[in-house]
Each structure stands twice: as structure tokens, then as C-alpha cells.
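Trainee: One structure follows; several queries about it will come next.
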Amino acid sequence: MIFLFTKSLTLRITLAILLPILILGGIIYFSVSTTLSDFAQNQIQTDMISESRRIYNICNTNFDNLLLSRMADDPGAVIIKKARTLEQIEDYFSQEGHMGFVLDRNNNEIIFQTEVPGDAHTLSILAKPAVIPISKTIDHKEYFVFATDFSPWKWQFVIIRDAQVYSKLINKIKLLQLLTIGSFVMIAVLLIFFVTRSIHGPSRAIISSIERQKRPEYKGVDVFEYLSNTIAGMMDTIRLTEEKYSLVVENTSLIVWELDASYRFTFVSKNILKVLGYTYTEILGEKHSRLTHEDDTTALEQIFADIARTLKPVDAFVHKAHDKEGNTVIFETTALPCLDEAGNFCGYRGISQNITDKVVAQREKQQAQEIAAEQAKQALVGEVAGKMAHDFNNILGVIMGTSELALDQCKEAETKDALQIIFDQTIRGKNLTKNLVAFAKDQEPRHEYFNVNSVIELVLNLMKKDLAGISVNTDLIDNAPLLLADPGMIEHSLVNLIQNSIHALGLKSNPQISIKTRFSEDEFFIEVYDNGCGIPENHLGDIFTPSFTLKGSKDITGSYKSGIKGTGYGMSNIKKYIQQHKGSISIDSKFGEYTRVVLTLPLIKQELTAPEMEKIRDIVFFSGKRILIVEDEISISRVQHHMLSQPPCLHEVQIAVNGRHAIELFKENSFDLISLDFILPGDLNGMDVYLHIRKKNTTIPILFLSGNLEFLESIKNLKENDPYIDHLSKPCQNTEYIVTVNKLLVSITKGVRPAQLTKNINNFRQGM
């Protein structure tokens with residue numbers, strides 16, 4: 001028998017195939033059975049979840065209506081709404097023929113119930129809200145029980161379904177299992193027949209060929225050893241070729257990829273991890289839309305459609321993608337069609353290059369050019385406005401004074417009306433020149449700590465006459481922290497906002513203005529609200545445009561009183577002031593009803609908080625250094641001095657209030673670091689001080705601080721040539737200032753742990 005087995009090639013092949021087929025068949029049958037069972041369970045689960053969601057939606061809709069009606073706090077309204085909800089649930093159960101009940105968990109009471117098997121309270125405990133239905137046998141019958149909570153009212157609704165409803169589905173699954181077994185047996189028989197017929201002849205031909213070459217006769221399993229060795233050699237060749245290809249691909253900055261016809265990745269080079277943060281296995285099989293930026297999805301699919309239609313490549317098209325962290329990455333891609341052996345289209349192949357840095361550099365260059373052009377324009381306007389404002393205001397002063405005197409002495413009504421028009425227009429001309437000069441002038445904020453609430457009260461007192469007849473409500477938060485900002489700019493912004501509100505309320509019968517202040521850990525908020533005419537939605541994006549106004553001749557909606565005119569520079573000035581403080585301005589308005597403006601400003605504390613102190617302790621490696629602060633704004637220099645001279649820094653600090661003073665102190669003392677403001681009073685600015693210091697010392701770290709646009713552009717080129725400088729924009733957070741000072745000290749200090757410091761600084765910034 002053993003001899004027959006070794007001599008019969010067909011028998012060996014049959015047994016070699018049959019055994020793994022039997023094992024595989026068992027695995028497949030188990031998998032199919034499990035899958036079908038899971039399918040049935042999922043079908044039941046989906047069915048009951050769908051029913052549960054319908055009931056939930058009934059409750060949720062009524063609850064939302066209650067909230068929208070603003071009667072959620074009215075117990076009577078709530079009871080009525082709950083009763084109405086129960087009626088709708090009862091109608092739904094009746095129409096669908098379902099069994100179930102609703103339990104009020106507030107008092108553990110059944111508030112609605114159909115005919116159900118067993119005790120409702122017991123079923124409620126059994127069917128606590130779960131992801132899948134629970135099977136329960138009651139009176140020798142099987143039921144499915146599913147529960148869902150509606151948390152706003154603390155209701156639990158339970159649905160009960162007779163298992164007989166799903167009997168057809170279960171019978172179909174059993175039939176499919178039998179068909180699977182039968183199909184597998186048929187396939188196994190055909191496979192054995194086909195393989196034995198296919199292998200037996202070629203195997204004998206190989207043996208005959210070997211014997212004709214007068215080589216040793218191959219018998220039995222030796223033939224397969226020969227074939228195995230041949231195939232192994234081929235696989236080694238393929239492996240070596242693939243390794244060479246991978247070596248080339250993985251060491252380039254380009255991403256090589258392939259997609260099938262349905263846009264799914266069939267290949268992507270592993271250096272995608274460096275560019276987008278995804279591993280090879282995370283992307284394989286995914287659609288390209290997982291990476292594509294939503295702005296470019298349609299355009300990219302159109303490009304792929306054109307490639308599939310024309311079978312021609314598309315070269316160097318630019319598109320955006322998302323990396324794993326959600327950041328935008330810009331690619332330049334070349335794509336071409338993939339064809340199968342028959343020449344039919346089957347997918348796409350391409351190369352993508354990350355050009356984000358290149359595009360960002362181009363944008364920064366363009367922005368710098370635009371800023372420079374805008375500054376040049378504003379400088380020209382400012383120069384002209386400055387020269388004209390003095391003479392023009394003198395003329396207006398003469399006209400205003402003369403018309404005001406004439407008004408007091410005039411007795412004729414018609415002439416008096418004409419004089420009043422002249423006087424009003426001179427006031428408008430004065431405001432126009434004031435706002436025009438404020439807009440054009442590139443003035444850096446003069447920071448100091450002040451109480452915002454006091455400024456608001458001062459502005460309201462100054463505008464008391466204009467606010468006559470208007471109900472003004474203030475909600476100014478007590479114990480508000482002092483704000484580091486330019487009080488003049490904030491005051492000017494508030495005057496413009498309140499003046500706009502006064503104009504908007506001109507035709508209202510119950511005019512109201514409310515002003516609120518509040519703050520968070522890092523920001524201070526000022527809100528000005530009025531119930532005036534509002535802003536048309538199509539003009540919300542225009543209100544910050546210089547010279548844009550909806551008043552006077554532009555009032556096509558008749559929203560303002562006759563004679564109300566605007567300069568068009570008020571809101572643009574406010575935006576400019578707030579942005580100079582690293583803040584933001586938001587507007588919410590509904591035409592004909594209200595306008596709400598919120599100013600958001602960064603909150604810079606006068607000293608470090610306890611959590612900030614704890615974080616800084618982990619990264620500060622230096623103390624006892626000599627530091628020169630060059631800053632003319634006393635409020636800022638006082639805070640910087642306090643932070644650097646107190647624990648955990650404990651540096652020795654001196655302050656210079658102008659450029660001359662800084663040069664004198666630098667000449668007389670030895671310092672380890674200079675903290676230098678760019679805009680300084682007198683004939684020497686920060687750049688003059690920097691150039692003087694660099695003539696004497698080329699390695700002392702210098703930290704520039706400024707919000708000046710001209711400086712922010714020039715510092716980029718300066719940092720490329722000087723590794724011992726850094727900069728922060730005013731105003732900056734205290735912790736950011738401490739971290740940057742410490743980082744600069746590292747740059748010239750040997751024997752410290754720069755790698756560990758960098759790690760700690762990064763961890764600190766992530767926690768900010």
C-alpha cells in the first residue's frame with residue numbers, strides 16, 4: 001500500500017489537496033455560519049434600533065419645540081408637552097402594532113403601556129439601555145426586548161417584539177447554511193478532478209524531459225522538490241528586484257502611488273509616513289478622498305475622470321490634502337492611466353511632491369508685497385491727510401464758530417435752519433478728518449495696564465448727551481483684571497461702536513444699548529449690543545472696508561434718521577486697533593432687529609500664575625544671568641522685570657527707557673541677553689541699538705519685541721544672517737516671553753542639555 005502511494009502521482013496529489021480542502025471547508029462553513037448568525041442578529045438589532053429611534057425622535061421633536069417656545073421652565077407647559085408626546089407614542093404603537101411601555105425614571109412609574117408579556121418593571125430592569133436587543137423567554141415564548149433612554153425627561157421606552165416575526169429570516173439562514181455545505185462539496189470534487197488532470201500530464205512531461213537529458217530519474221515527490229526549487233529561485237529574483245525598487249522610492253521626497261478604477265489605493269510608497277503621518281497599511285485600500293482636502297475633492301475627481309476618458313496623463317496639477325493631524329499639505333502631482341494586458345483602463349498611477357513650503361514662501365512674499373503696498377498707500381494718505389487736516393480743521397473751526405454765534409443771534413427760522421445745517425456739516429467734517437487720519441496713521445499701540453470698566457464708564461459719561469432717550473444697560477464684571485492695551489485706542493473703538501448704535505436706534509420706539517464685559521483665562525471680551533436697525537446680511541462682509549457706509553445717501557433701506565451720515569472709517573479703524581492688539585472682532589446682526597459686536601483682546605497678566613510657574617520650573621535651566629530690558633512702556637517693562645528677577649529665573653535685570661540710555665548701559669555693563677523693543681522714543685530706534693551692539697558683540701542673544709509691520713517683515717531676513725536673535729510680537733503671553741528668553745540663553749551656553757530643553761519647551765507649548 002505504501003509502495004502504491006509512492007508510485008501513484010495522482011493519488012499523492014489527490015490526498016495532498018483533499019486534506020487542506022477539508023480543513024478549509026470546515027473553516028469556511030464555520031465562518032459562513034457565524035456571518036449569517038451575525039447578519040440575523042444585526043438585522044434584528046437594526047430593526048429594533050430603527051423603531052426606537054422613531055420614538056426617540058417623537059420625544060426629541062416635542063422637547064425642541066418646548067425649548068424654542070422658551071417655556072421649558074414653565075411646569076404647566078412641560079406637563080402638557082409630555083402628555084402630547086405620550087399621545088403620539090400611543091398612536092405610533094397602535095399604528096405599527098408594537099408592544100412596549102414608557103417608564104418615568106423620576107418616580108419609577110409606568111406612564112404608558114400596551115399589552116406586554118410579563119411584568120413591565122421586571123422587563124425594564126432586564127432591558128436597561130444596551131446596544132443590542134436582549135432575548136427573553138416568557139411563558140414558553142421567546143421575545144426580543146430593547147430599551148432606550150430619553151435623558152431630558154428621564155424617560156425609558158421599551159419595545160418588545162415576538163421572535164416569531166423573524167422566523168422567516170432564521171429559516172432562510174439555515175437554508176443558506178445547507179446550500180453552503182452542498183456548494184463546498186461540489187467545488188471540492190470539481191477541484192480535485194481539475195487539479196489531478198492539470199498536474200498529472202505536465203508532471204509526467206517534466207519527468208520525461210529530464211530523462212531525455214540523461215539526468216538522474218526523478219520519481220514521486222522529487223519532481224515537486226525540483227519545481228519548488230525553481231519557483232524559490234524565481235521568488236528570490238522578484239524579491240531582490242522589489243528591494244532595489246523600494247530603496248529608490250523610499251529615499252526620495254516624492255510619494256509614488258497607485259489607485260484602482262474606484263479611487264482606492266493599491267500601492268503607496270512608505271515615505272508617506274514622513275509627509276502625511278500615515279503608515280502604508282493605514283492608507284492601503286482607502287479611497288483618495290480620505291486624504292484629499294474638501295476644497296479640491298470635486299476638481300481632483302474631474303481630473304481622474306478625464307484621465308480615464310482620454311487615457312492621457314495630466315502633468316503637474318496642484319491640489320491640497322490633509323495630514324494625520326488635520327494640517328493642510330499642498331502637493332504637485334503628475335498622474336497617468338494604468339492599462340491591463342488587454343489595453344483596458346484599470347486605474348491610476350502617479351507621483352506627488354510636497355510643495356507646501358514653496359507655496360507658503362510664495363504666499364508670504366505676496367503678503368509682504370501687499371503689506372508693503374498698503375503701507376505705502378497709507379503712508380501717502382497719512383502724509384496728505386496730516387498736511388491737510390490742520391488747515392482744514394482751522395477752516396472748519398472758523399465756520400463752526402461763526403455759525404454757532406449766528407445761531408445764537410438769529411431770529412429768522414428759515415435762516416436759523418440753514419445755519420444749523422452748516423453747523424452740523426462742520427461737525428461731520430471734523431469727525432471725517434479725525435477718522436481719516438486715524439485710519440491712515442501707522443501708529444503702534446502704547447500699552448499700559450488699565451481698568452476697562454472705568455474706560456467704558458468714561459465714554460458713556462462723555463456721550464451722555466448723545467445717549468439721551470436711550471436705555472443704556474451695563475453688565476460690567478466685578479473684579480475684572482487690568483487689561484494691557486492702548487487705552488486711547490480702546491476708548492476710540494468704544495466711542496465709534498456706541499456712536500454706530502446711537503445712529504442705528506434713531507427710528508426705534510424703545511431704543512436700548514447694552515454693554516457687557518467678561519473674561520476667560522487668556523482673553524477679555526467687550527460686547528456692545530443694540531436693538532437698532534441692524535445690518536443687511538449682504539453687507540456684513542463690507543463694513544470693515546475703508547470709506548464704506550450704509551448711512552446718508554447710501555441708506556437705501558430708510559433705516560436711519562434723515563441727516564445721519566457716516567465717515568466710512570469707524571469700523572475699519574476699530575478692526576485695525578484690535579488687530580494691532582492681537583485681538584479679534586466679531587459681529588452678529590439681523591437686519592431690522594439687532595446688532596451685537598464683540599471685541600476680544602488677549603489677557604496678559606501682571607505676574608505668572610501658579611500653573612504657569614510650575615510649567616516653567618520644568619524648562620528653566622538658567623538663573624543669575626544679567627539681562628538688559630530696553631522698553632519705553634513702563635507697564636510692560638515692570639512686568640518683564642518682575643518675571644525675570646523673581647523665582648524661578650532670579651536674573652539680574654536693568655531697564656533702559658530709550659535707545660541712548662540702552663547704549664550707555666551696554667557700554668558700562670556686561671550683559672548675557674538684551675530684550676529690545678523696536679519702536680523707541682528719541683532719535684534711536686531698536687534697530688539702531690541692535691546695530692550698535694553687534695559692532696561690539698556678535699554673539700550676545702537679542703530678543704526683539706514689536707508689533708510694527710515693517711519690523712515683522714525685516715526680522716525674517718535678519719534672522720537668516722544672525723543665529724543669536726529671536727522676536728515676539730506685542731503683546732505676548734508672559735510664559736512665551738520666559739520660554740523664548742531661556743531658549744536664547746541656550747544658544748550661547750555650553751554644557752547644558754539642549755535636546756532635553758527643546759523637548760521640554762515643546763511639551764510646555766502643547767500644554768498652553
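The values are calculated or read from the model by the stated rules, or taken from the named source; none is laboratory data. Keep in mind the model is a prediction, meaning the values are calculated, not measured. Neighbour counts run over all protein chains shown; Cβ positions are idealised from the backbone, glycine included. Heads up: the accessible areas ignore ligands, DNA and RNA and are worked out on the full protein's heavy atoms, side chains in. Shrake-Rupley method; radii C 1.70, N 1.55, O 1.52, S 1.80 Å.
Trainee: Using heavy-atom solvent-accessible surface (probe 1.4 Å) with all chains present, what is the largest-first order of 405, 176, 419?
Mentor: Listed by decreasing accessible area, they come as 405, 176, 419.
Trainee: Let me ask something additional. What number comes out for accessible area per residue over region 245-360 if the probe is 1.4 Å? Units Å², please.
Mentor: Dividing the accessible area of region 245-360 by its residue count gives 55 Å².
Trainee: Can I ask one more? Taking all protein chains in place and a 1.4 Å probe, what share, in percent, of the accessible surface of region 245-360 do carbon and sulfur account for?
Mentor: Whole-percent figure for carbon plus sulfur exposure: 53.
Trainee: Quick check: residue separation of residue 50 and residue 344 times 0.36 nm, minus the Cα distance between them. What number comes out in nm?
Mentor: Extra length from residue 50 to residue 344 when fully extended: 101.4 nm.
Trainee: Can you list the aspartates and glutamates whose alpha carbon is less than 17 Å from that of residue 695, not counting same-chain residues fewer than 8 positions off?
Mentor: Answer for residue 695, where 17 Å is the Cα cut-off: 664, 668, 672, 722, listed by chain and number.
Trainee: Direction-averaged shadow area of the convex hull around the Cα atoms of region 245-360, nm²?
Mentor: Numbers: hull surface 29.0 nm².
Quarter of the Cα hull surface area: 7.2 nm².
Trainee: Next question. Please give the solvent-accessible surface of residue 290 in Å², to the nearest 10, using a probe radius of 1.4 Å with every protein chain present.
Mentor: The accessible area of residue 290 comes to roughly 100 Å².
Trainee: Right, something else. From largest accessible area down, sort 194, 525; use a 1.4 Å probe on the protein chains.
Mentor: 194, 525
Trainee: Keeping all protein chains in place, calculate the accessible area per residue for region 444-602 (probe 1.4 angstrom), answer in Å².
Mentor: Numbers: 7410 Å² over 159 residues.
I get 47 Å² per residue for region 444-602.
Trainee: Cα centroids of region 105-119 and region 266-330: how far apart, whole angstrom?
Mentor: Going from one Cα centre to the other spans 55 Å.
Trainee: Could you tell me the calculated FRET efficiency between residue 318 and residue 297, based on Cβ-Cβ distance and R0 = 22 angstrom, to the nearest 0.05?
Mentor: Working from the Cβ atoms, E equals 0.90.
Trainee: Right, here's the next one. Let me cross-check residue 69: its accessible surface, 1.4 Å probe, with only protein heavy atoms counted, in Å² to the nearest 10?
Mentor: 60 Å²
Trainee: Let me ask something additional. How far, in nm, would the chain grow between residue 409 and residue 590 when pulled straight, counting 0.36 nm per residue and subtracting the alpha carbon separation?
Mentor: 60.6 nm
Trainee: In region 444-602, what percent of the accessible surface is made up of carbon and sulfur (1.4 Å probe, ligands and nucleic acids excluded)?
Mentor: Answer for region 444-602 is 47 percent, counting heavy atoms of protein chains only.
Trainee: Which order do 238, 663, 160 take when ranked by solvent-accessible area (1.4 Å probe, heavy atoms of all protein chains), largest first?
Mentor: Values: 238 95, 663 35, 160 5 Å².
Putting 238, 663, 160 in descending order of accessible area: 238, 663, 160.
Trainee: Now for a different question. Spin-label point model (7 Å from Cα, Cβ direction): what's the residue 336 to residue 114 distance in nm?
Mentor: It works out to 6.5 nm between the two label points.
Trainee: Here's another thing I want to ask about it. Treating cross-link reach as a plain straight distance, find the aspartates and glutamates whose alpha-carbon is under 17 Å from the alpha-carbon of residue 365, omitting any fewer than eight places away in the same chain.
Mentor: Counting by Cα, and skipping residues close in sequence, residue 365 has these aspartates and glutamates nearby: 357, 374, 710, 713, 720.
Trainee: How far is it, in nm, from the label point at residue 544 to the one at residue 472 when both lie 7 Å from their Cα along the line to the Cβ?
Mentor: 2.7 nm
Trainee: Determine the gain in length on full extension of the stretch residue 96-residue 69; use 0.36 nm per residue of separation and subtract their C-alpha separation, reporting nm with one decimal.
Mentor: Separation in residues times 0.36 nm, less the Cα-Cα distance, equals 6.7 nm.
Trainee: When all protein chains stay in place, what accessible area (Å², nearest 10, 1.4 Å probe) is found for residue 122?
Mentor: The value for residue 122 is about 80 Å².
Trainee: With 22 Å as the limit, write out which pairs from 82/154; 576/743; 464/590; 416/561; 358/576; 244/270 have Cα-Cα distances beyond it, or answer none.
Mentor: Beyond 22 Å between Cα atoms: 576/743; 464/590; 358/576.
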